[in-house]
Each structure stands twice: as structure tokens, then as C-alpha cells.
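Asks: Take a look at this one; I'll ask things after.
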Amino acid sequence: MFYQKTVMKSILLSYREIIISIIACLQFPSYTRSQEILGNDIDTFVRAHLLIITPGKASYSGFGHCGIRLQCPSEKLDYCYTMEMETEIDDYIKFFAGKAPARVLVIPTAVFISPYRVEGRGITQYELNLSPREKQLLWKNLDEELTSTSCYNFNFTDINCVSFCMMMINRSLIEENILYNKLPSYMKEDNGTVIRQIMKEKPWYEYLYILLFGIGCDETYAIEHRMSPETVPVILRTAKLVNDSGEERPIFKARANILSQKSYPGKIIITPQILFGFILLFFIIITLINWKIGYGIFSKFSDSLLAITQTFVGLTLLYTSLIANVFGTHWNWYIIPYFPIPIFILLMHIIKKDYKSVLLAFGIVLVLFIAFTPFSSQLDITHQLFVTTLAVRYIYLYIYKKQLNSKSKNNYNKPLKNLVEKEKRTIFAN
């Protein structure tokens, strides 16, 4: 999604004016003259391809990338149009606010694909089966986006590389529509199911995306907003272009052409399930040790790390779900277990208020939250492993605080009881 910053900076200024003037030659009036020159071979005057780039190693390239390649062989033109997010430092901050600026870039194809080849990412192109006028209109529409002074706010749901490419293709169709046939079974399910299918080879991306996406997992968006670069060919391979007369043709013209082979990374050993399963086991062992030998310094340190993690994730979810728009502004179920309760407990401790009832209440909430797992697509076993860890410790800390208060009360009353007994013995002695 983010293109190489150095490549963008080096070519953008030098090619922009040239390309704009070249594309101007392809507008409708000039196309008649081109048709006369090329005779009946009008379909090959402009060729349009959808480029699909496989995911990369960097965090921002976990979904892959998508672009449109346009060629005019007779004029020796070959360029790629792509939507890219700006890559200045403050743009990454804006990204988490859902306000990262994204613009359309045009880049010579050889320059565009070179960094991906070096990175070992696969590049496959699919020729679009558009009419000559539609391909010309596609080029015109992309040119207008290129020269526009406005920019998009990039996010993962509405404005991204795939949705932009599909928007441009749909906008360029002349009295035709895309009919999606024989969709994969997972595309008929909710968004959560689609995300898990798309990200099944990248479990950490899946874990984070599900965590942040909120109740959007339970919804079903339009197909264009649920595609990832790698699922685009799977869905469009069976899609048809249908006109008003009911005539249809495939949206892809020919077999795919591989421009770069994908180098497959090694299998991920430590998955979220393994890590959070180990953390749960670790805290269960600590809890059992606490029952036997008491609550020591190591346990306090471990619980502090747990509380810091809960608070950080909770504040992040509150921001991304209710304020920012990078994943859509809506409710997130995981706000409940990650709610920054430790902040309130700390404040109660400072003002010397008894907070064991808060520990018990939140522990019960966590248990009920775990029981709610089958009723939302956002909730799953992997995420609930950490929630279970929190539940174990909150309930234990409630029991520990209750026992501590009971011992403190007994120790407070013991001198008084001894005094009473002494007085009784004195009275009976007299």
C-alpha cells in the first residue's frame, strides 16, 4: 500500500507533466484519428491490466497491493496508476487517526515493479476485457484523478488500493455492470470470516485486524470493500461484464501473466495462539504458587505488566474505535475486557478506598464476556486466551485482598480480645 518513498520522490516531478500531456492525446476526439491510423485493430490500441502484488514483510504491506497498468504499444506508452499513502513521519500519525492523505500516482511500469521484484514479492497481471472506449475512458478518469488537487483519507474499509481500482473500473464502464458469479463460500459470510480467510497465512495480521475492526466483523460490506489484493483475481475470474441487453463477457480477457515470482517466507513458529496460550499457562502456574506460598514480589511485577498491557490496549481500542476512522468508527467488543480498569484501581488505592469489589465485579464481567464468544464473529478462542488470563488474575486478586482484609481485621481485634479476656480473669479472681 505504501510505495517506496525514494522512488516516488525521484520520478513524480519528472514524469508528471510529460504523462499528462501524453494522456491528453488519448482523449475521445484524438481517438478517432488513432482508429483511422490503426485500421480495424482498435482493441489493442490501449491495453488495460490489473496488477496484483503479493504481501510483503513490512507491516504496512501485509495485505499486498493493487494497481492498474495501461499501455499504448503504438505510442510506446506503459504506465502504472496506483493509490499510495503519503509517507512522511506525520502521515503515519495521521494514519492511526484515519486521516492519512492518499493520492494517485502514475509511474513507468518498469520502475513500479522493480522494488517489488527486489523484495521478492509476486506480481501478476490480469488483462481487463474492456471495450476500446471503456479503456480510453479508464485512462481519462485516471488522468483526472492524477491531476486533481484533492486527496483521499486512506483507511482499511472504504479507501484503499483495491477499492480505488474497482471504483475506477466501475466508473469507466459504458452501460455495463459487473456481475459477481460463483463467489467463494467465505465471501458470503460476515466480514470477520472474510478477514480470517484472507489473513490465514499471516496470523499476527489476522489477530490485530480482528482486534481493531470491532463489530465491523459482524457486518457484511459490499464486495468491493471486502476484497484484498490476493482475493481480487479469485473473485473477478468468474465475474462478468453485463450490458443492458443481458449480453455478458468475462471481465478478464486472457490467462494471467506472472511478472515476478513470489519468494515464500518461512512458516511462522510463534503464532498468537501459542504465545497467549503460554501466557495463560504462565499465570495459572503463578496463581497456584500464590495459593501455596503467598503473593510475592515476582507476582506483583507480573500483574503490573498485565495491567499495563490491558490499559494500553484498552486506550488504543477506545481511540481507534470511537474517535479515529482507520477501521471505521463503531463499537468494539474488546473494549469491555481491555477497559483500563487498572487506572481506576490505582486511583482508589491512592485515596485508600477498598477496591476488592471492583476486582470481583470485573472478574465476573470477564467470565461472562468469554461465554459470549459464540455470539459475535469478532470474538474467537485466540483473543479470549488473554481475556481468560485477565479473568484468572482478577478473581484471584479479589480472593487475595479479601483474605488480606480478613487477616488485618483479626490482627486488629486480637489485642482487644486479649484485653477482654484479661479483664474477665481479673473479675473472676476477685
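The values are calculated or read from the model by the stated rules, or taken from the named source; none is laboratory data. Computed from a predicted model, the values in this text were never measured in an experiment. Heads up, the Cβs are rebuilt from the backbone with ideal geometry, glycines too, and the neighbour counts pull from every protein chain shown. Surface accessibility is based on the protein's heavy atoms, side chains included, excluding ligands, DNA and RNA. Shrake-Rupley method; radii C 1.70, N 1.55, O 1.52, S 1.80 Å.
Asks: Are there any pairs, at least 6 apart or on different chains, whose C-beta atoms fall under 7 Å, with the first in region 352-378 and part of a helix (DSSP H, G or I) and the second small (Gly, Ala, Ser), and if so, which?
Replies: From region 352-378, the pairs are GLY363/ALA391; LEU366/ALA391; VAL367/ALA391; ILE370/ALA391.
Asks: Under 9 Å by Cβ, and 6 or more places apart or on different chains, what pairs join a residue from region 74-87 that is closer than 15 Å to ILE107 by Cα with one that is basic (Lys, Arg) and modelled with pLDDT of 85 or more?
Replies: Filtered contacts from region 74-87: ASP78/ARG69; TYR79/ARG69; CYS80/ARG69; TYR81/ARG69.
Asks: Which residue is most open to solvent (accessible area, probe 1.4 Å), if the candidates are limited to region 124-182 and must be farther than 27 Å from LEU259 by Cα and among the hydroxyl-bearing types (Ser, Thr, Tyr)?
Replies: THR149
Asks: Okay, next question. Where residues in region 265-286 are in contact (Cβ under 8 Å) with a residue 60 or more places away in the chain and assigned to a loop (DSSP other than H, G, I, E, B), which of them is most open to solvent (accessible area, probe 1.4 Å)?
Replies: In this case the residue turns out to be PRO265.
Asks: Another one. Looking at region 223-255, which of its residues are open to solvent by 50 Å² or more (accessible area, probe 1.4 Å) and hydrophobic (A, V, I, L, M, F, W, C)?
Replies: Across region 223-255, the qualifying residues are VAL234, ALA254.
Asks: Still on this model: Please go through (1) at pLDDT 90 or above; (2) more than 25 Å from ALA307 (Cβ to Cβ); (3) in a helix (DSSP H, G or I); (4) not basic (Lys, Arg) for GLU421 and return the number of the only condition it doesn't satisfy.
Replies: Failed condition: (1).
Asks: Is at least one residue of region 202-222 touching an Asp or Glu at 6+ places or on another chain (Cβ under 9 Å), without any contact (Cβ under 8 Å) to a residue 40 or more places away in the chain and farther than 24 Å from LYS267 by Cβ?
Replies: yes
Asks: Another question, then. Just give me the residues in region 183-211 being in contact with a Ser or Thr (Cβ under 6 Å, 6 or more places away or on another chain) and open to solvent by less than 10 Å² (accessible area, probe 1.4 Å), in sequence order.
Replies: Once the filter is applied, which keeps residues that are in contact with a Ser or Thr (Cβ under 6 Å, 6 or more places away or on another chain) and open to solvent by less than 10 Å² (accessible area, probe 1.4 Å), region 183-211 yields only GLY192.
Asks: Moving on to the next point. Restricting attention to region 46-80, which residues are out of contact with any helix residue (DSSP H, G or I) (no Cβ under 7 Å at 6 or more places or on another chain) and in a loop (DSSP other than H, G, I, E, B)?
Replies: Within region 46-80, THR54, LYS57, ALA58, PHE63, GLY64, LYS76 meet the criteria.
Asks: Which of (1) under 28 Å from the mean Cα position of the chain (by Cα); (2) assigned to a helix (DSSP H, G or I); (3) not aliphatic (A, V, I, L, M) is the odd one out, the single condition THR157 does not satisfy?
Replies: Here THR157 clears every test but (2).
Asks: Being open to solvent by less than 80 Å² (accessible area, probe 1.4 Å) and aromatic (Phe, Trp, Tyr) is the filter here; which residues of region 331-356 pass it?
Replies: TRP333, TYR334, TYR338, PHE339, TYR355
Asks: Can you find a residue that is surrounded by 18 or more Cβ atoms within 10 Å (Cβ to Cβ), free of Cβ contacts under 8 Å to residues at least 24 places away in the same chain, among the small types (Gly, Ala, Ser) and assigned to a helix (DSSP H, G or I) anywhere in region 299-317?
Replies: The answer is yes, given that some residue of region 299-317 is surrounded by 18 or more Cβ atoms within 10 Å (Cβ to Cβ), free of Cβ contacts under 8 Å to residues at least 24 places away in the same chain, among the small types (Gly, Ala, Ser) and assigned to a helix (DSSP H, G or I).
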